[in-house]
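Enquirer: Below is one structure. I have some questions about it.
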Amino acid sequence: MTAHTLATDVLILGGGGAALLAALHAKRRAPRLRVTLAVKGMMGKSGCTRMVQGGYNAVLSPSDSIERHFADTIKGGAFLNDQELAWMLVNRAPKMIAELENRYGCFFDRNPDGTIHQKAFGGQSFDRTIHRGDLTGIEIMERLRDAVLGTEIQVVEDHRAAALLRDGGGRVRGALLIDMRRGEPVVARARAVLLATGGGPTMYKISSPSREKTTDGIAMAYEAGAELIDMEMVQFHPTGIVVAGSELNGAVLEEGLRGAGGILRNASDERYMARYDAARMERSTRDIVTRAGYLEIMQGRGTPNGGVWLDLSHLGAEFVERAFPGMVERTRAAGFDLATGPVEVSPTAHFLMGGVRIDEQCRTSLPGLYAAGEDAGGVQGGNRLGGNGVAESTVFGALAGDVIADAVIDVAEGEPDAAEVAATVRAVTAPLGRQGGEDAFALTERVRALMWEKVGVARDAAGIAAALRELEEMDGRAAAAGAHPRRTMNQEWTQALNVRSMITASRLVALSAQVRTETRASHYRTDYPEADNAHWLKHVAITKVDAAPRVSMRPVRLTRMRPETLAQIMEAPR
């Protein structure tokens, strides 16, 4: 199949907050640059930033401080954060809020005196979460989308990235895209590429990200030889709505519900968080609240549908409807009513803290490749605080745009290796018309069940080993997946590509989880239930070498805060 070509200076893969801000900053920094956004779905209408409900953490109040936000972030991440990246996050977040409002027209909820309202979120020592009702992401993405449409940034929608392309010297020179509307491969040549596809752990049976998210960026980076870190750190949000058989199953009920006073009860009507974090109760960090709910369910105190109850009815229907209109609407669509009674919830796979290793310039280990947002690892450590995700995407997306615009001035145009392009096109188009190939949809469901059961909220050596064996076998089966020969908007072909990415990321998660023989933040090993700072205050790094994963250890940069009091900071169920 012949591939079309697209030439640009800066190729940005993604359509969420990190991608759009990177494009806007690159174009503003160097207006003559050709900047291209390649979006798997629709620009500004797909992806995870749009799904952000709760809000955005930033220090605005004189009673708060950068140091306090930083300490909360490091404690929440169980000291696995790259502290220089985390310091950049908390310092740049207030400036980004000003930019979102003043340059792009975002409008966040106000106090009576006109100042920005900030609400309570779990794991934070100060109420610093900025929001637009309980649907903050829509406000941000609509304004950023309008801004992009007002520029000369090239946007190609329904173009999924299938592989990174390198030249003979190993420099990333672009990506192979698939124009799903026409069903044709596109060789996109660029002087620099930014991965901003969003992680999205949809390889779990119960998950919350938008469904087009299938860890494509993680898989492409690994296959190209980039170094990844902390892939075992998968965040499960504690309150995904339980709606069996529906696409709503696993959809998040935002953290602000617990911050406002929501109560979690088991099937016996017991407020069980007293057993797991008596000081913070429902306002504990996500890893602890998730683990608590999981253990309640596994120990037989859950509902018949495998959940627990989240209740805000004691706060009064008028308050709940006014403060959380989006969440009320969501629960009513699922057959509950948040305003007047309890809602059934369970843990749901939500966010990848791990990803492609970056430095303070968003550079990866591969020349010509940058990463920002959920594709990148290191900022959030072992557990992300609610409200820090959209802050990371916007802060580092904007930074990446500035950095890349400056960097490509000194980069000559080049061509991806012709043999690599040809081989990649053959591999990507191979499922089309293949007779007797594997059913990619059935394979996807098996991956999701396996990861939920063996490498989910709770893990042990036997389960992880079993998962790795089956994932290796499924990788071969996925390579033999078949799809209808029709090329345009072919969902079978799309799923055949999706499941390859999901299996690659799943293997990285499982391998990293096998290596880390301790419990730390979101990584809960039932056979190693304690944190081990003497041996495990380090990143698990994985790079593809000679067609196989090579695991190494990388020390955590404890440049600003040390973990002498970590035993008191980290609170895990026993």
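Enquirer: Within region 412-426, take every residue that is surrounded by 15 or more Cβ atoms within 10 Å (Cβ to Cβ) and within 30 Å of the chain's Cα centre (by Cα) and give me the one that is nearest to residue 189 (Cα to Cα).
Expert: Result: 416.
Enquirer: Hey, another quick one. Yes or no: residue 22 farther than 30 Å from residue 518 by Cα, surrounded by 24 or more Cβ atoms within 10 Å (Cβ to Cβ), touching a helix residue (DSSP H, G or I) at 6+ places or on another chain (Cβ under 7 Å) and modelled with pLDDT of 95 or more?
Expert: yes
Enquirer: What is the residue count in region 186-204 for residues that are buried (at least 24 other Cβ atoms within 10 Å of the Cβ) and more than 28 Å from residue 454 (Cβ to Cβ)?
Expert: Residues flagged as buried (at least 24 other Cβ atoms within 10 Å of the Cβ) and more than 28 Å from residue 454 (Cβ to Cβ) within region 186-204 amount to 7.
Enquirer: Can you name the number of the only condition in (1) modelled with pLDDT of 95 or more; (2) out of contact with any Gly (no Cβ under 7 Å at 6 or more places or on another chain); (3) not in a helix (DSSP H, G or I) that residue 124 fails?
Expert: Going through (1) modelled with pLDDT of 95 or more; (2) out of contact with any Gly (no Cβ under 7 Å at 6 or more places or on another chain); (3) not in a helix (DSSP H, G or I) one by one, residue 124 breaks only (1).
Enquirer: With respect to residue 363, determine if the residue is modelled with pLDDT of 95 or more and either surrounded by fewer than 24 Cβ atoms within 10 Å (Cβ to Cβ) or within 25 Å of residue 165 (Cβ to Cβ) (or both).
Expert: Taking the combined requirement at face value, the residue satisfies it.
Enquirer: Let me ask another. Please go through (1) buried (at least 23 other Cβ atoms within 10 Å of the Cβ); (2) out of contact with any Cys (no Cβ under 8 Å at 6 or more places or on another chain); (3) closer than 24 Å to residue 383 by Cβ for residue 16 and return the number of the only condition it doesn't satisfy.
Expert: With (1) buried (at least 23 other Cβ atoms within 10 Å of the Cβ); (2) out of contact with any Cys (no Cβ under 8 Å at 6 or more places or on another chain); (3) closer than 24 Å to residue 383 by Cβ applied to residue 16, the lone miss is (2).
Enquirer: So residue 376 ticks every box in (1) crowded, with 24+ Cβ neighbours inside 10 Å; (2) out of contact with any helix residue (DSSP H, G or I) (no Cβ under 9 Å at 6 or more places or on another chain) but one. Which box is left unticked?
Expert: Only one criterion is unmet by residue 376, namely (2).
Enquirer: Enumerate the pairs (first residue in region 134-153 and over 13 Å from residue 45 (Cα atoms) and touching a residue at least 12 places away in the same chain (Cβ under 8 Å); second residue anywhere and part of a helix (DSSP H, G or I) and not aliphatic (A, V, I, L, M)) with beta-carbon separation below 8 Å, excluding pairs fewer than 6 apart on the same chain, so at least 6 apart or on different chains.
Expert: 134/256; 134/325; 134/326; 135/326; 151/27; 152/27; 153/27
Enquirer: Across region 507-519, which residue is surrounded by the most Cβ atoms within 10 Å (Cβ to Cβ) among those that are touching a Pro at 6+ places or on another chain (Cβ under 9 Å) and in contact (Cβ under 8 Å) with a residue 60 or more places away in the chain?
Expert: Checked region 507-519; the qualifying residue surrounded by the most Cβ atoms within 10 Å (Cβ to Cβ) is 509.
Enquirer: Please go through region 266-311 and give me each residue that is more than 22 Å from residue 389 (Cβ to Cβ), touching a helix residue (DSSP H, G or I) at 6+ places or on another chain (Cβ under 7 Å) and assigned to a strand (DSSP E or B), ordered by number.
Expert: Result: 308, single match.
Enquirer: Moving to a separate point now. For region 71-107, how many residues are touching a residue at least 40 places away in the same chain (Cβ under 8 Å), part of a loop (DSSP other than H, G, I, E, B), crowded, with 16+ Cβ neighbours inside 10 Å and more than 20 Å from the chain's Cα centre (by Cα)?
Expert: Matching residues across region 71-107 total 1.
Enquirer: In addition: May I ask you to list the residues in region 50-68 that are within 19 Å of residue 132 (Cβ to Cβ) and assigned to a loop (DSSP other than H, G, I, E, B)?
Expert: 52, 53, 54, 55, 58, 59, 60, 61, listed by residue number.
Enquirer: Provide a single number: the residues in region 27-70 that are without any contact (Cβ under 8 Å) to a residue 24 or more places away in the chain and either hydroxyl-bearing (Ser, Thr, Tyr) or under 17 Å from residue 90 (Cα atoms) (or both).
Expert: Selection size over region 27-70: 3.
Enquirer: Residues in region 478-491 that are within 25 Å of residue 514 (Cα to Cα) and surrounded by 17 or more Cβ atoms within 10 Å (Cβ to Cβ): how many?
Expert: Result for region 478-491: 1.
Enquirer: What do you reckon, is residue 540 out of contact with any helix residue (DSSP H, G or I) (no Cβ under 7 Å at 6 or more places or on another chain), under 30 Å from residue 366 (Cα atoms), surrounded by 15 or more Cβ atoms within 10 Å (Cβ to Cβ) and β-branched (Val, Ile, Thr)?
Expert: In short, no.
Enquirer: Hand me the list of helices (runs of 4 or more DSSP H) wholly inside region 395-502 holding 3 or more residues that are touching a strand residue (DSSP E or B) at 6+ places or on another chain (Cβ under 8 Å) and more than 30 Å from residue 349 (Cα to Cα).
Expert: 418-429
Enquirer: Sticking with this one: For residue 522, state whether it is within 30 Å of residue 276 (Cα to Cα) and buried (at least 20 other Cβ atoms within 10 Å of the Cβ).
Expert: Yes, satisfied.
Enquirer: Something else now. When region 486-508 is examined, which residues are found to be out of contact with any Leu (no Cβ under 8 Å at 6 or more places or on another chain) and either of a type in the set (Val, Ile, Thr) or farther than 29 Å from residue 185 by Cα (or both)?
Expert: Hits for region 486-508 are 488, 494, 504.
Enquirer: Restricting the search to region 338-359, which residues are in a loop (DSSP other than H, G, I, E, B) and touching a helix residue (DSSP H, G or I) at 6+ places or on another chain (Cβ under 6 Å)?
Expert: Listed by number, the residues that qualify are 338, 339, 340, 341.
Enquirer: Out of everything in region 186-241 that is more than 30 Å from residue 336 (Cα to Cα) and of a type in the set (Ser, Thr, Tyr), what residue ends up being farthest from the chain's Cα centre (by Cα)?
Expert: Going through the qualifying residues, I end up with 222.
Enquirer: Looking at residue 47, is it farther than 22 Å from residue 362 by Cα, out of contact with any strand residue (DSSP E or B) (no Cβ under 6 Å at 6 or more places or on another chain), small (Gly, Ala, Ser) and not in a helix (DSSP H, G or I)?
Expert: So residue 47 does not fit the description; no.
Enquirer: What single numbered condition from (1) within 15 Å of residue 35 (Cα to Cα); (2) of a type outside the set (Lys, Arg); (3) surrounded by 24 or more Cβ atoms within 10 Å (Cβ to Cβ) fails to hold for residue 156?
Expert: (3)
Enquirer: Please give the strands (runs of 3 or more DSSP E) falling wholly within region 140-254 in which 1 or more residues are modelled with pLDDT of 95 or more and closer than 27 Å to residue 104 by Cα.
Expert: Those strands (runs of 3 or more DSSP E) span 154-156, 159-166, 192-195.
The values are calculated or read from the model by the stated rules, or taken from the named source; none is laboratory data. Because the structure is a prediction, the values reported are computed rather than measured. Here the Cβ is made from the backbone with ideal geometry for all residues, glycine too, and neighbour counts use every protein chain on show.
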